[in-house]
Every structure is written in C-alpha cells, then in structure tokens.
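Structure first, commentary second.
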Amino acid sequence: MFGKFASLHEAYGRVRQAGADPFGVAFDEVVSPTTARIGGRDILLLGTNNYLGLTFAPEAIAAASDALHRYGTGTTGSRIANGTYAGHAELERRVARFLGRRDAMVFTTGHQANLGILATLAGREDHLLLDADSHASIYDGARLGSASVTRFRHNDPGDLARRLRVLADKPGDRLIVVEGLYSMLGDVAPLREIAAIKRETGAYLLVDEAHSLGVLGERGRGLIEAAGVHDDVDFVVGTFSKSLGSIGGFCASDHAGFDLLRLAARSYMFTASLPPSVVASVMTGFDLIDQRPQLRAQLSANAARLHAALAASGFRLGPSVSPIVSVRLRDPALAVTFWNRLLSAGIYVNLALPPATPEGESLLRSSVSAAHSFAELDRAAAIITAIGQELGIAGPQAAAAES
Ligand code: PMP
C-alpha cells in the first residue's frame, strides 16, 4: 500500500534533513495572535492567516466560553439531524446579512463548503471553469462532482473568454470559479473583467473569499465589495478560519433554489456541525469586523510596511501589496534552509513547495496580521533580510544567485 508514496517519502526525508520539519511544527503554547512558544523559546508568528488578530479577542473568548457551558462541547450530529441549534441558523442569517445575500449555508470547514457546493451545483452536463491557481478544495470539489472541468490561465480573463467560446455549442450551464485574494502570492482576481465575461456569456460566477473576507472592501466584505460587482456574483464561498479567527465555512447566494442544497450537498449532510462555542466566537467575529474598521486599516498599513521592507531588500515578491507577502525562490532546497534559519532566529513563516505553488516556485509565505506591531514587522524584515543576504538571496547579488 505504501510503495506508491516512495517518491514523497524521499522528498519529505530531504526536507527534514535540513533541520526542523516545516510540515510538523507544533506550538507548545500560543500566547497571543503574534507569539507562540516552541521549546521554551518565543516565536514571532508571521504565517497564520490571522489577518485581524481576532483569535484572542476577549469578546469572542467570552462568547465561546458561555456557549461551551450552555450547550456543551459538541453537537454530535449533522445539520440535517440533531446538529442544528438556534445558533447555527442565526449564524447563517448573519452571514447572509453581512454579505447582503438572501441565504447562506454554514459548513464545518471552508474545504467542505467548496466540496459540497461545487460537486453538487454543477451536474453531468455542466461546465466548471476554474482558475488554474485555485485552492485544493476547489479542485477537490470539481473532482467529486460530475461536471466537465476546464482550467483557464491564472487571472487571465482573455483565456477564460476563449475557453467559454470553445464551449459555446455545448449544452449545460457554466460556472466560473475564482478566488478573491490568492493564498500563495496574495494577488487579487481581475473581478470586474471576469464579471463582464460572465454577463456576456450567461455563465454563473462563484467567488471564494477565503483570504479576502474581513480584509478587502470598505466594510470588509471582500473583493466583491472592493470591485463593486455584488450583483454579478451568484455564489460567495468563505471560511471562518482566517480573518474570523475560528473554524467553519459558508456559501451565500441570492438564488431562490439555493436552500435545496441542504438536502443535496453531501459534505453538509454527512458530517457533524460546528460546536456551539465556535458558532458563538464566529458571531462575535462578525460583530468585531463591523465595529472595528481600524483593524482593516492597521492590517493594510502593516501589509504595506512588510512588503516595502522586503522589496527594498531585493527579494522577489508577489505582484501586489496585500497581507500575504511571499518571498519567491526557485530552489526548493534553498527555501527549506532559509525556512529553518528563520525558525532558529525566532520567526515562523509558511514554507510552500511545488506542486502546491504557482509556477513551480518555492515560497516563504508571510501573512501579516492587524495584531502585529510595526516593531515586530521591522524586526522580522531585518532578520529575513540578514539571512537572505547570507544565503545570497537578498541584495544586489540576489538575481544572479537565484537565476
Ligand atoms: N478556499 C481557499 C481559497 C483557501 O485558501 C482555504 C484555506 N486555505 C479554503 C478554501 C479552506 O478553508 P478551511 O480552512 O475553512 O477549510
């Protein structure tokens, strides 16, 4: 059974030889949204998707703790059996209201939201058009369903239009799937152009705002709000595991028949629902997004600060300034060494290696939080730069070392 993993075993072994296991890091203690302890040492957390720093919000902890005592540790059942409490239904109304949509379904994770929605909505005759850099959960949902799947070049509306033209004579509906903020390089979808293509071709459009909810848009509603394309989007998917600092996923829509998916989406029907404490913390998270626009402003200032510092050091970064700041490297072994050096110096970032990355590159991915202080970000940038220079990656000689 395990023979087929031989090459994975070998590659993983090489990664681990370089030092700590980047895919097996365990925090002994997490003491704040930006600090954890490993082996008695304080580590600056710079790769947690905790964009608004809400994981330790006292209001969210109090609400979760109250729900824990009132309703117990878990629901022990699925949404269509004993797993729907008043809080789950209230949270669905809250998500719908927050996004200005008629209806919303809450799933136990964002991954399951994509599985359930994509596999169920698009049937045998239908066509899914996926951005090539889509998250694994989008690909998994497409594979689980029976629709035909067409990939278009990342963030390339021209390629999307061309592929829709090829399908023009085929029966069935078309569903275009894009993300708000792409998780690896922090670039945003050209949503206005994509919405125009959707209108021209009569396709449906789904936007996964996993990384952009609470982050983009004047009121934190995501890229749909920032791009002003609310009426062109048919389905909004998202997660509670990033800016909301908890866990869970959702899909929201204005379509009249949407509610029926509750009795068709298997990842909704055949898994236990969210614990009530989680539901309570997410509800509070939505309150905080509305009550504290300063968190978004701080996040944006923090993102600009880290991006500017690393760009000035000569690192190759993603195409836009966003809370996801990735140092792009061509050599995976160098990336693993760099990651280890950073952890030894007290900085935790995400290591992302091909094939999970765009263009086969290796990434040291930082995600900035509103909870970071400028001092923390400046210290991180100085350490990343110093190690990068030692490894020949930052500074004027960088391009040569990397080519
Ligand atoms: N969609 C996208 C675009 C994501 O980046 C992620 C998580 N990385 C998910 C969905 C899944 O979210 P969850 O953690 O809630 O399963």
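Only the coordinates and a few stated rules stand behind these numbers; no lab work does. Just so we're clear, the structure is a prediction, and the values are computed from it rather than from any experiment. Here the Cβ positions follow ideal geometry from the backbone for every residue, glycine too, while neighbour counts run over all protein chains shown.
What ³J(HN,Hα) values, in whole Hz, does the Karplus curve 6.51 cos²θ - 1.76 cosθ + 1.60 give for region 68-75 when θ = phi - 60°, with x put for Gly and Pro?
Result, rounded to whole Hz: 4, 6, 7, 10, x, 7, x, 8.
Hey, what do the phi angles of region 184-189 turn into as Karplus ³J(HN,Hα) couplings, whole Hz, using 6.51/-1.76/1.60 and θ = phi - 60°, x for Gly and Pro?
Karplus-based 3J(HN,Hα) across region 184-189 equals 8, 10, x, 8, 9, 6 Hz.
Along the charge dipole of region 150-239, which of Leu160, Phe235, Pro171 sits closest to the positive end, that is, farthest toward it, with unit charges on the beta carbon of Lys, Arg, Asp and Glu (+1, +1, -1, -1)?
Projecting each Cα onto the dipole axis, the largest value belongs to Pro171.
Among residues other than Arg37 whose Cβ falls under 13 Å from its Cβ, what is the net charge (Lys/Arg +1, Asp/Glu -1)?
With Lys, Arg at +1 and Asp, Glu at -1, the neighbours total -2.
Would you work out which of Phe107, Leu52, Ala81 lies farthest towards the positive end of the dipole of region 38-148? Charges go on Cβ: Lys and Arg +1, Asp and Glu -1.
Ala81
Please give the FRET efficiency for Thr76 paired with Arg143, using the beta carbon to beta carbon distance and R0 = 25 Å, rounded to the nearest 0.05.
Working from the Cβ atoms, E equals 0.25.
Tell me which residues come under 5 Å, amide H to amide H, from Ser241 once H is placed; ignore anything under 5 positions away on its chain.
Residues meeting the amide H criterion: Ser246, Gly248.
Compare the Cα positions of Phe98, Ala11, Phe23 along the charge dipole of region 1-156 (+1 at Cβ of Lys, Arg; -1 at Cβ of Asp, Glu; about the Cα centre) and return the one farthest towards the positive end.
The residue sitting most towards the positive pole is Phe98.
Rounded to the nearest 20 Debye, what is the dipole magnitude of the chain about its Cα centre when Lys and Arg each give +1 and Asp and Glu each give -1 at the C-beta?
In debye, rounded to 20, the chain gives about 320.
What are the residues whose amide H is under 5 Å from the amide H of Arg174, where those residues sit 5 or more places off or on another chain and H is modelled from the backbone?
Close amide H contacts, sequence-distant or interchain: His127, Tyr204.
Please report Rg (one decimal) and Dmax (integer) in Å for the Cα set of the chain.
For the chain, the Cα-based Rg and Dmax read 21.4, 64 Å.
Within straight cross-link reach of Lys198, meaning Cα distance under 30 Å, which lysines are found once same-chain residues fewer than 8 apart are removed?
Output for Lys198: Lys170, Lys242.
What are the ³J(HN,Hα) values, in whole Hz, obtained from phi via the Karplus relation 6.51 cos²θ - 1.76 cosθ + 1.60 with θ = phi - 60°, for each residue of region 249-255 in sequence order, with x given for Gly and Pro?
So the Karplus estimates, Gly and Pro as x, are x, 8, 9, 10, 7, 9, 5 Hz.
Taking the Cα centre of region 211-304 as origin, sum charge times position over the Cβ atoms of Lys and Arg (+1) and Asp and Glu (-1), and report the length of that vector in debye to the nearest 20.
I would put it at about 400 debye.
Take every DSSP beta bridge with both residues inside the chain and express the antiparallel ones as a percent of the total, to the nearest 5.
Numbers: 28 of 48 bridges.
Approximately 60 percent, going by the DSSP bridge assignments.
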